[in-house]
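Nothing in this text is a laboratory measurement; each read-out follows from the coordinates by a stated rule. Given the structure is predicted, the values throughout are model-derived calculations rather than measurements. Because the Cβ atoms are built from the backbone with ideal geometry, glycine has one as well, and the counts that use them run over all protein chains shown.
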């Protein structure tokens, strides 16, 4: 092995968690920004068995890998369980979360405090690019299902997959 770890240097690691059903340009913006700040960014596709996603976890992972491939330091995985356990298993000291509005802050602050209390993992909040401040996967799916144009809100390959999937569900 070559590189910083083989030379005894500790890589700076962070995780960007979410359901990513599907990944939007807002998600991608946060991941891209985190990839400039950390040596390795793990994208954790969190599995919630009580929620039926439009895309399977494997499909989401593949889409994320495709649209983050250019960064070179992004690792995409799924996880079922507590995010702090994902962090412990991989020696990840930081969670990076995008905040769209003040309304996101209350919930995210509680989660950050809980995660820190459980494991010492820090959460860094990144303000969302104002272009994406209203954006969520749920909203994108709803607008697209009604025939609205969401192509500017998603990477092109993800948009094509969304249009295909919605047509299949008819």
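Going by alpha carbons, how many degrees (0 to 90, nearest 10) lie between the helix axis of 102-119 and the longest principal axis of the chain?
The two axes meet at around 40 degrees.
Rounded to the nearest 500, what is the 222 nm mean residue ellipticity of the chain from helices alone, with -39500 (n - 2.57) per DSSP H run of 4+ residues and division by all residues?
-13500 deg cm²/dmol
At q = 0.09 Å⁻¹, what log₁₀ I(q)/I(0) does the chain have when each alpha carbon counts as one equal point scatterer in the Debye sum?
Log10 I(q)/I(0), no solvent term: -0.32.
Just want to confirm a number: the relative contact order over region 97-144, from Cα pairs under 8 angstrom separated by 6+ residues, in percent.
With pairs under 8 Å counted, the relative contact order is 48 percent.
Quick check: the angle from helix 57-68's long axis to the longest principal axis of the chain, C-alpha only, nearest 10 degrees?
Taking the Cα atoms of the chain, the angle to 57-68 is about 80 degrees.
Round to the nearest 0.05 the FRET efficiency obtained for residue 66 and residue 12 when R0 = 22 Å and r is the Cβ-Cβ distance.
FRET efficiency, residue 66 to residue 12: 0.35.
Quick one: length gained pulling residue 50 to residue 169 fully straight, 0.36 nm per residue minus the C-alpha distance?
Additional length available on full extension: 40.8 nm.
Do you know the relative contact order of the chain, to the nearest whole percent, from alpha carbon pairs under 8 angstrom that are 6+ apart?
Relative contact order here is 26 percent.
According to a simple spin-label model (label point 7 Å from Cα along Cα-to-Cβ), what is the distance in nm between residue 89 and residue 136?
A separation of 2.7 nm, rounded to one decimal place.
Using only Cα atoms, find the angle between the long axis of helix 156-169 and the longest principal axis of the chain, and express it within 0 to 90 degrees, rounded to the nearest 10.
Computed tilt is about 50 degrees.
I want to verify a result. In a Gaussian network model of the chain, Cα cutoff 10 Å, which of these has the top mean-square fluctuation: 148, 53, 18?
148
In whole Å, what is the distance between the alpha-carbon centres of region 114-155 and region 19-62?
10
To make sure I understand, if each residue's beta carbon is the centre and we count other beta carbons within 10 Å, what order do 107, 38 fall in, fewest to most?
107, 38
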